[in-house]
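J.: Okay, here's the structure, questions in a sec.
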Ligand SMILES: NC(=O)c1ccc[n+]([C@@H]2O[C@H](COP(=O)([O-])OP(=O)(O)OC[C@H]3O[C@@H](n4cnc5c(N)ncnc54)[C@H](OP(=O)(O)O)[C@@H]3O)[C@@H](O)[C@H]2O)c1
């Protein structure tokens, strides 16, 4: 049952990022790639040729759906016209439950909902996935191995997908916003944009390396930076007094609520 042909329906930003990340793996394992997308104008020499939707659907055993959620209805007639019993569906669509596909696609037995993030372009994606209980383990091995080549992948219960979308999908944007605030502050203190950016880049790299190389709990890492009545403690006191932890959690909670709202539309 190992996949021999991987098909994409929709080949925009995310699909192209994924393709560049795992094309070497596909080549190594002799897996053919078929692509269909609405416009082919962005087709460049380093991408495979585009084919018709019917060819992707007929000839692929694993089919990745990579259109925007609001574009799903435009491809549903073609998706419902084939028998899915011996095919595997991989949906990248944020907010679309697997039940939507299960209820609509004839014979659908093997299906994944996969949520990578934009760090896939540097092979640093935190990808989460869930799948139908009936999905064959060979497909699961294939999908986890494919997405492992783009970073880390974790299986979650589909009921946690809205939170995971907020944490792993939107989370990087919230952190970028925090870094921008730090850059703005540094500039206001007289540093050049270039200096401020360098400082942020190096701080983030150092923090990421600490997290990846040290096994201690994060409060221990914080404590190491603090000295009694010092600068860090002063900043952290303000953080706690003003309940910034609660505010941060609300940012993610708000994103999760929005994901739930969007899911209800399907
Ligand atoms: N971007 C992310 O970071 C991210 C992360 C996780 C999940 N996702 C999910 O990934 C999906 C794709 O997102 P994206 O950012 O890659 O969007 P995108 O760049 O707009 O890509 C969507 C692609 O689908 C094509 N398309 C639209 N209707 C079609 C149709 N009827 N038949 C064939 N192709 C069609 C579009 O063609 P045109 O070029 O003609 O518009 C476009 O190439 C979304 O469902 C999103 O929820 C994205």
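J.: Look through 170, 152 and report the one residue that is in a helix (DSSP H, G or I) and under 25 Å from residue 251 (Cβ atoms).
T.: The conditions single out 170.
J.: Which count do you get for residues in region 226-240 that are assigned to a helix (DSSP H, G or I) and over 34 Å from the mean Cα position of the chain (by Cα)?
T.: Narrowing region 226-240 to residues assigned to a helix (DSSP H, G or I): 231-240.
Right, trim to over 34 Å from the mean Cα position of the chain (by Cα) and you get 231, 233-234, 237.
Qualifying residue count for the region: 4.
J.: Is region 14-28 home to any residue that is within 11 Å of the ligand (Cβ to nearest atom), assigned to a loop (DSSP other than H, G, I, E, B) and within 21 Å of the chain's Cα centre (by Cα)?
T.: No, region 14-28 contains no residue that is within 11 Å of the ligand (Cβ to nearest atom), assigned to a loop (DSSP other than H, G, I, E, B) and within 21 Å of the chain's Cα centre (by Cα).
J.: Have a look at 9, 65, 75 and point out the one that is at pLDDT 95 or above, under 23 Å from the mean Cα position of the chain (by Cα) and under 19 Å from residue 117 (Cβ atoms).
T.: 65
J.: Right, another one. For region 58-84: of the residues being more than 11 Å from the ligand (Cβ to nearest atom) and not in a loop (DSSP other than H, G, I, E, B), which is farthest from residue 144 (Cα to Cα)?
T.: 80
Yes/no matrix, rows are residues, columns are (1) surrounded by fewer than 15 Cβ atoms within 10 Å (Cβ to Cβ); (2) in a loop (DSSP other than H, G, I, E, B); (3) within 10 Å of the ligand (Cβ to nearest atom):
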residue	(1), (2), (3)
56	no, no, yes
86	yes, yes, no
106	yes, yes, no
126	no, no, no
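J.: Within region 111-124, track down each residue that is within 14 Å of the ligand (Cβ to nearest atom) and either part of a loop (DSSP other than H, G, I, E, B) or closer than 13 Å to residue 169 by Cα (or both).
T.: 114, 115, 116, 117, 118, 119, 120, 124
The values are calculated or read from the model by the stated rules, or taken from the named source; none is laboratory data. Values in this document were obtained by computation on a predicted structure and should not be read as measured data. As a convention, Cβ positions derive from the backbone with ideal geometry for all residues, glycine included, and neighbour counts pool all protein chains shown.
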